[in-house]
Each structure stands twice: as structure tokens, then as C-alpha cells.
Amino acid sequence: MSAPASVAPRRVAEAAIIARMQAEGLPEPAITAFLRAYGRLREGESGLIPESAIEPVTELPDAERLPPALAAIGREALTRTVIIKLNGGLGTSMGLDRAKALLTVKNGLSFLDIIARQALTGPAPLVLMNSFRTREDSLAVLARYPQLNRGLPLDFLQHKVPKIGVEDLMPASWPADPDLAWCPPGHGDLYTALVTSGLLAQMLERGFAYAFVANADNLGAVLDLTLLGYFVQRRLPFLMEVADRTPADRKGGHLARRRGNGLILREAAQCPPEDQAAFQDITRHRYFNTNNLWFDLRALAAVVNTLDLPLIRNRKPIDPRDPSSPAVYQLETAMGAAIGVFPGAEAIRVPRHRFAPVKTTNDLLAVRSDAYVLTDDYRILLNPQRPWPIPPVIELDPRYYGTLDAFERRFPHEVPSLVACRRLRVSGDIHFGRGMVLRDEVELEHKGPEPWYLPDGAILAGRVSSGP
């Protein structure tokens, strides 16, 4: 079948992509990696992984059952280990236009404040993977912690890639805001960016052998000596931390096994519509990727030039604030997908406290509340006084709580106590008073045209409505 007349010839499109990326000063390995993804798009590859091609993962090693003696091996390897935090996100899902890691999250501290203080509890250097939009502000925060300077750069830059027009498959343009013609290539760019920045070579020259990588918005992801010891003892090239899926995780990427082959990661964007029920079945696909990863720097150096990660094709409006703007493809890869292409890669089940991300204001409410505590060594943990071993399931009405500004107007004081709250659902424009306590399962509903102001000190449980 011939291509639609509106689709530009491949050689024309590729020449335009190369010219645009070179004009932005992007290095050749980044251009080559993007052209490889673009070629898959042209060939009709959707990146979809149907249920029929995979099998559930039913058993994994359990970090909570590892022998304590492994911590000694981890401690010996600590000076050869680097902590890498992914810090390219802007928090656009919460209406932010700057690095999400600058957001105050616990006890008056931002994500970056907590990450810096976590790193200072040990000798492993901290390095951020920033985007071109997060670099300046984030380095300004780290400048408050001069002890972090340990012989390696404090950051390296994630690349950017052109958005591709759905209609003509050409690099998209948007004169009203030229920056919107570009997008991050997904955190799978980590591996290429480590090479093009020169940082991988620098780490190896300085004797570093291992890297622990996690998202900056996951404050539960601290460097764990027992896990490091396990990784070193088994001489693994790559290890993914996974956790048990709960109803709150049913839409996130999960671990699976390709039939007749090794482990793979399937993201939501890679699941065909007809397989969504199976994708979200947490009893079938039991483990989700925390995006806490460990890899051997020497093993990465050996395979990085041939590391071909699966394509993730996201269709979106070029201006995310204008659904009527032209449709584009954002071509991305996930760093966790390396589990399917790193020879000998493994996964391990970890406890839930190693996964405390903030993706939405729902998550922000949970982490700011007393459902979580900040320890003396700056770890974010579920409050041990909580009756359940999982976080509260929170559903705030996106009409009134979806952006940070709207959220904070409705929580003008400290957030309510949620340590004894299993589930919270809020519908309508409701403003919370000071010193409130929510218990068990709470459903708050307000349908009136004016805001409903809850009183200071209120103790709520069950369904509470402002009307009949």
C-alpha cells in the first residue's frame, strides 16, 4: 500500500530532522538514535506489545528476604558507586512550568533539598540528569550544598528531539512557541546522554563501577547497601526494582516475560486497547517498575552503541494546553526497557517504601501528610503507626485540585491527618480547615456553586455531603 500523498518522502524528512537537530547542536549519537526511532515509525511500528506475546511474572527474588551480610559487600562497593537522579520533569501535570523537583514536598524541603541531604549521608557522588528546562534552577539549589562536589560534574543534559507531525511525518513547527516543537526523548535517553556528555568515560576513568538510578520525584529511592551488595555479588549487568501492584498502580508499566524469552517492561502506551483489561489486572501482572535501576558502568560501555530500546509512540497535540492544535508523535524510550535488551538483566521485588513518587496532587497530598514520615537520614517512609502497609488511595476532583495553585488554595493550612485514612475521595469545591483528621474511608461531596469550607479540627469518616 502506498503512503498517503501528504506524507513526505523518507529521505526528505530525515534530511530535515538531521538539519534541525544539528542546528541545535545535538551530538551525532543522539541524532542516530532518533533516526532509528523515526525509521520504526515510518515502517508502521506502533511499539505495541499485545497480551498474546507475553506471560506474567509470578516469582522473583525478594529484597526483604536477602541475607543481612550482603550489606557489607554493598558498603565495600559504595565508593565505586554513583547516584543518578532523573530531573528532567517540569511537573506540567500539576500546572508547573519549572522543575518539579523544586516543589516543597515535606517539612518545608523541596525534592532537591531532600535528595541532596540523602546523598550527603554517604560517600557516593550525586549526579542529576537535567533537561534544558530544569538545569539552571536545579543547579542553583545544589549550590547550597558545596559538600556535594566530589570530583564529578553535578549534572549532565538529557537530549531533546523534534516532535513529528502526524499528517506528514515531518519535524513539526509551532511559531507561536518554538520550544513546543521539541520534546524529551524519554528517560531511555539516559544511556546515550551518559556517553555524549563524556560522563560515562569520566566515571570509568575515576574507578566508578556501578550506578544507582531513580526518578527525582521518588523520595523513597535511596541507595540501599543490601541491594547494592546483592547486585555486586551476583555480578549483574542490570537490575530493576519492582514492587507489588495495588489498585493505584494499575495504569502504570508492569514487568512481564516475553514468550520464550527474557524479562520485558510494558508501558501503558505500549498496550493495545483491546488488552487494557489484562494490563490493569493486578492479580495477573503483579509487579510494576519503580524506575529504581542498578547497572554496571562497564557493562553499559560494552553495549551502549548497540542498545536498541523499544519504541514508545505517543500521540499528542503539539501545544499540550490547546487540544485543537496539530497532532504530533512524540517518540520516546523508557530506561527500564533495557531489562529486555541487556544480556543477563534481572528484577527484584522491593518493599513499597522504596516507591513514593509525586506525579499528581493526589500523590502530593499523601506525601505531605502524616501518612509518610521524613526520617533523620532523609528517607521518606510510610508512617509506622499506619494500620495498612500501603499509602492512602486518594482521588481529588481534578476540576478543583488538579493544579498546584488550585490545590494549595483549598489546603491553605497544613494538610489533614491521613495516617489512619485508607481511602479519600473528594468531589466538588471543598476547602479544608486547620488540624483536620480523616479516618478509614472518607468520601466528601459538594455540589453547590459556592465553596464549602470545612471547619478547623473536624474529624471525618465515611460519606460526608454538603447537601441532600
Go through the range 183-197 and report how many residues are out of contact with any helix residue (DSSP H, G or I) (no Cβ under 6 Å at 6 or more places or on another chain) and in contact (Cβ under 8 Å) with a residue 60 or more places away in the chain.
6
Does the range 273-309 hold any residues that are under 18 Å from Ser52 (Cβ atoms) and either in a helix (DSSP H, G or I) or open to solvent by less than 10 Å² (accessible area, probe 1.4 Å) (or both), and which are they?
Pro273, Glu274, Asp275, Gln276, Ala277, Ala278, Phe279, His285
Where in the range 47-154 are there helices (runs of 4 or more DSSP H), lying fully within it, with 1 or more residues that are in contact (Cβ under 8 Å) with a residue 60 or more places away in the chain, out of contact with any Lys or Arg (no Cβ under 8 Å at 6 or more places or on another chain) and closer than 23 Å to Ala366 by Cα?
111-119
Just to be sure, is Arg75 farther than 30 Å from Gln270 by Cβ, open to solvent by 20 Å² or more (accessible area, probe 1.4 Å) and out of contact with any helix residue (DSSP H, G or I) (no Cβ under 8 Å at 6 or more places or on another chain)?
no
Top-ranked residue in the range 323-376 [being of a type in the set (Lys, Arg) and modelled with pLDDT of 90 or more; ranked as most open to solvent (accessible area, probe 1.4 Å)]
Arg368
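Yes/no matrix, rows are residues, columns are (1) in a helix (DSSP H, G or I); (2) of a type in the set (Ser, Thr, Tyr); (3) surrounded by fewer than 16 Cβ atoms within 10 Å (Cβ to Cβ):
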| residue | (1), (2), (3) |
| --- | --- |
| Tyr400 | yes, yes, no |
| Arg409 | yes, no, yes |
| Pro412 | no, no, yes |
| Val426 | no, no, no |
| Asp440 | no, no, yes |
| Leu444 | no, no, no |
Checking the conditions here, which among Arg135, Arg117 is crowded, with 18+ Cβ neighbours inside 10 Å and either of a type outside the set (Asp, Glu) or at pLDDT below 95 (or both)?
Arg135
Using beta carbons and a limit of 8 Å, which pairs, at least six apart or on different chains, have the first residue in the range 159-170 and under 10 Å from Ala181 (Cα atoms) and of a type in the set (Phe, Trp, Tyr) and the second one open to solvent by 20 Å² or more (accessible area, probe 1.4 Å) and modelled with pLDDT under 95?
none
Can you name the condition, by its number, that Pro320 falls short on among (1) at positive phi; (2) surrounded by fewer than 16 Cβ atoms within 10 Å (Cβ to Cβ)?
(1)
Check Arg144 against each of (1) touching a Leu at 6+ places or on another chain (Cβ under 7 Å); (2) surrounded by fewer than 21 Cβ atoms within 10 Å (Cβ to Cβ); (3) more than 17 Å from Glu24 (Cβ to Cβ); (4) not polar (S, T, N, Q) and name the one condition it does not meet.
(1)
What are the residues in the range 338-382 that are part of a loop (DSSP other than H, G, I, E, B), under 21 Å from Gly108 (Cα atoms) and of a type outside the set (A, V, I, L, M, F, W, C), if any?
Lys359, Thr360, Ser369, Asp370, Thr375, Asp376, Asp377, Tyr378, Arg379
For the range 13-38, name all the residues that are of a type outside the set (Asp, Glu), in a helix (DSSP H, G or I) and free of Cβ contacts under 8 Å to residues at least 12 places away in the same chain.
Ala15, Ala19, Gln22, Ala23, Thr32
Residue satisfying condition, being modelled with pLDDT under 95, over 30 Å from Thr306 (Cβ atoms), open to solvent by 30 Å² or more (accessible area, probe 1.4 Å) and over 24 Å from the mean Cα position of the chain (by Cα), within set Pro455, Pro449:
Pro449
If we keep just the residues of the range 81-103 that are more than 16 Å from the chain's Cα centre (by Cα) and at pLDDT 95 or above, which is farthest from Asn149 (Cα to Cα)?
Thr81
Going through (1) under 23 Å from the mean Cα position of the chain (by Cα); (2) under 28 Å from Pro310 (Cβ atoms) one by one, Lys106 fails only at (2)
Leu190 part of a helix (DSSP H, G or I) and under 25 Å from Arg80 (Cβ atoms)
yes
Just a yes or no: is a residue in the range 164-175 open to solvent by less than 10 Å² (accessible area, probe 1.4 Å), out of contact with any Ser or Thr (no Cβ under 9 Å at 6 or more places or on another chain), under 19 Å from Gly25 (Cβ atoms) and at pLDDT 95 or above?
no
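The values are calculated or read from the model by the stated rules, or taken from the named source; none is laboratory data. Treat the numbers as computed from the prediction; the structure is a model and nothing was measured. Using ideal geometry, Cβ is built from the backbone for each residue, glycine included, and neighbour counts are taken over all protein chains shown. All accessible areas refer to the heavy atoms of the entire protein, side chains included, with ligands and DNA or RNA removed. Shrake-Rupley method; radii C 1.70, N 1.55, O 1.52, S 1.80 Å.
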